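The values are calculated or read from the model by the stated rules, or taken from the named source; none is laboratory data. On a predicted model such as this, the values are computed, not experimentally measured, just so you know. Heads up, the Cβs are rebuilt from the backbone with ideal geometry, glycines too, and the neighbour counts pull from every protein chain shown.
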């Protein structure tokens, strides 16, 4: 390509402007040549090329200088046609951000000033070496922890995020959930936009939230007196808000809030009376932190109003952030952090005080307002409990008190077997086995099942066996069995302990997984306990911080908090429609219930885990923890639940559902939603696989299943509803979460599923 060197610029002007750019330290020659390789053909100096034609074409002189973003922010105030020259001479002094990922005011404060240099130039020359991040939304330590491939490669985390991580959908920190944002916003997903870039440029202004924990409307209203705008609310909270305001959402606690501690408790739900309207079973108020002292009057008025409401029990608990309570923990090492809340200890029998486990309880978190809050509670007669008061008590004090008042004896610790089924996952075994042995509640045995691996898995397992502090058995097949469920059955048959954890070999877990899950089994009726999961990619990168993108179509509130539910109700509300426990590694089973349920999955290839969950819940209750204590590894691009896959998978799913329907656990509404989910899974997999196959009711391999469904519907007189609005609304919800469909195709896809359902309902 030939360039016109007869530019209106005088030679002196060009030299001066080139010198100005070079001195700024912003222009990255190597990056510019790599980004625009055609420049090498011209033989021109990269800066001169940028001055003569690159700037006019919108070329970027540096990864962190976005001309389009800068021009939009600068508007009519731009004084030089070249955006970089304008930034160096004017924009930097005026505080204009050079890109969405560079917050000028924040960086100046973080760097302690930039002297005569522009903020971006200072970051390139000094800030990067100092490990500074130029935006409050990026957390270097968090990014490295949650993206081990970046850590192993030795990349600078911030530059990696801007160069490729943002495009890949990786989150910059705990406050912005890129995967959640992409799944919530079909236009972002369809157009391949960078989630954070879209949020900062458009999304915040359009009332889109950055994560499930941050309600922008709520936060802006809370700070209405301080001029916090919607576009800057998240950055303001990241920089200032965490010191003075604990909540970013009217219902959910923010990440790492002490109030989140209460979400992990096994709250009980009572069965409602027939015809009753279900409402939230408790209310959580998160109060102002350091500002609480200034709001004592409002707090007193609020508490007085709540305390006088009929039928509402109000209790106030402060300082709930302390994760371990010395003394109590020593009494029962199997549940160190929940020992104080053990329902069999029942401290209210001892002190008649700690009654916040009441499902009607109101929890108020006001850690910095202890004295005013205590006085307020005293004035209105409100029970007030400070958990920090437990801290000075030694184990002996608690032992004496419990023995004297409640004849308490430490309960027997339930023992745990870990089964690790493996086939050719050598690359993940070190991480998997380390995560098991690093559990704060150590299991009692590990049973490693190798199904004929040929990648060196056995050698890795034997190395871990040699240094394992607990019993570590290896059961190896000479050839592959072709059935994961057969491996499960072999492991369960060998397990000797009370509880069983099937820890799949390519997954990982947080150190507190067993501790949290085992705590639920103090209730002898619990058969299954499980938690939420992070979804990670092949290199450990986070694809989603939660599986709620899959369960929200059933309920946007059910999985927000921990719960304990009866088996039949959990089956009817959730598992009858789809497998709401996506990964067995997130589950802890009572061994007896699991052992008795294996026959339910006999001959299953795809949906055996689902069949086992249903069978277990016919024998007991289920407990859920909303924290993502499990890491489920999936290939990138496969975030949608596979559930009902090929024809065999669909047949297995229908078999499970018909067995549930036969137990009369579901009403007509649930049955039609369940069938809608089945048809949706079949049709969406046809599209995502890019293959042509007959519609659900036209597939000969499914003809007998369709006939069984039709016969059941006819026998029960479940006609296709004339008002199909609820089914259509449900389908729109699940379709919106699918990455396989463009937003413009959603309604036509919903209509096609409705037609298939109507065909199933036609009497033969």
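State the number of residues belonging to segment 149-174 that are within 16 Å of residue 136 (Cα to Cα) and at pLDDT below 90.
Looking only at that region, the number is 1.
Among the residues of segment 551-594, what is the count of those that are without any contact (Cβ under 8 Å) to a residue 40 or more places away in the chain and buried (at least 22 other Cβ atoms within 10 Å of the Cβ)?
Residues that pass the stated criteria total 2.
May I ask you to say which residue of 52, 63 is surrounded by fewer than 20 Cβ atoms within 10 Å (Cβ to Cβ) and under 23 Å from residue 172 (Cα atoms)?
Numbers: 52 fails: under 23 Å from residue 172 (Cα atoms).
When all the criteria are applied, what remains is 63.
Within the group 742, 685, which residue is surrounded by fewer than 16 Cβ atoms within 10 Å (Cβ to Cβ) and more than 26 Å from residue 667 (Cα to Cα)? Break it down stepwise before answering.
Details: 685 fails: surrounded by fewer than 16 Cβ atoms within 10 Å (Cβ to Cβ).
Among 742, 685, only 742 is surrounded by fewer than 16 Cβ atoms within 10 Å (Cβ to Cβ) and more than 26 Å from residue 667 (Cα to Cα).
Among the listed residues 108, 93, 79, which satisfies the condition of being within 20 Å of residue 19 (Cβ to Cβ), in contact with a helix residue (DSSP H, G or I) (Cβ under 8 Å, 6 or more places away or on another chain) and surrounded by fewer than 18 Cβ atoms within 10 Å (Cβ to Cβ)? Full working, then the answer.
Values: 108 fails: within 20 Å of residue 19 (Cβ to Cβ); 93 fails: in contact with a helix residue (DSSP H, G or I) (Cβ under 8 Å, 6 or more places away or on another chain).
79 is the lone residue from the list that is within 20 Å of residue 19 (Cβ to Cβ), in contact with a helix residue (DSSP H, G or I) (Cβ under 8 Å, 6 or more places away or on another chain) and surrounded by fewer than 18 Cβ atoms within 10 Å (Cβ to Cβ).
Under 6 Å by Cβ, and 6 or more places apart or on different chains, what pairs join a residue from segment 126-148 that is touching a residue at least 12 places away in the same chain (Cβ under 8 Å) with one that is in a helix (DSSP H, G or I) and surrounded by fewer than 16 Cβ atoms within 10 Å (Cβ to Cβ)?
These pairs meet every condition: 144/151.
Give, as residue ranges, the helices (runs of 4 or more DSSP H) completely inside segment 648-764 that count at least 3 residues that are in contact (Cβ under 8 Å) with a residue 24 or more places away in the chain and within 24 Å of residue 547 (Cβ to Cβ).
Values: elements: 668-688, 703-715, 725-736, 746-761.
Result: 668-688, 725-736, 746-761.
Looking for something surrounded by fewer than 22 Cβ atoms within 10 Å (Cβ to Cβ), more than 23 Å from residue 606 (Cα to Cα), modelled with pLDDT of 95 or more and in contact with a helix residue (DSSP H, G or I) (Cβ under 6 Å, 6 or more places away or on another chain) - is there at least one such residue anywhere in segment 470-488?
yes
Restricting attention to segment 538-550, and to residues there that are out of contact with any helix residue (DSSP H, G or I) (no Cβ under 8 Å at 6 or more places or on another chain) and buried (at least 22 other Cβ atoms within 10 Å of the Cβ), which single residue is farthest from residue 633 (Cα to Cα)?
550
Inside segment 172-211, counting only helices (runs of 4 or more DSSP H) that do not spill past its ends, which hold 3 or more residues that are more than 15 Å from the chain's Cα centre (by Cα)? Spell out the reasoning first.
On the way: elements: 178-184, 186-191, 195-198.
Counting at least 3 such residues, we get 186-191, 195-198.
Answer yes if at least one residue in segment 504-526 is closer than 22 Å to residue 608 by Cα, free of Cβ contacts under 8 Å to residues at least 40 places away in the same chain and in contact with a strand residue (DSSP E or B) (Cβ under 9 Å, 6 or more places away or on another chain), and no otherwise.
no
Quick check: is even one residue across segment 609-628 more than 21 Å from residue 676 (Cα to Cα), outside the structural domain of residue 665 (by TED's automatic domain parsing), free of Cβ contacts under 8 Å to residues at least 24 places away in the same chain and in a loop (DSSP other than H, G, I, E, B)?
no
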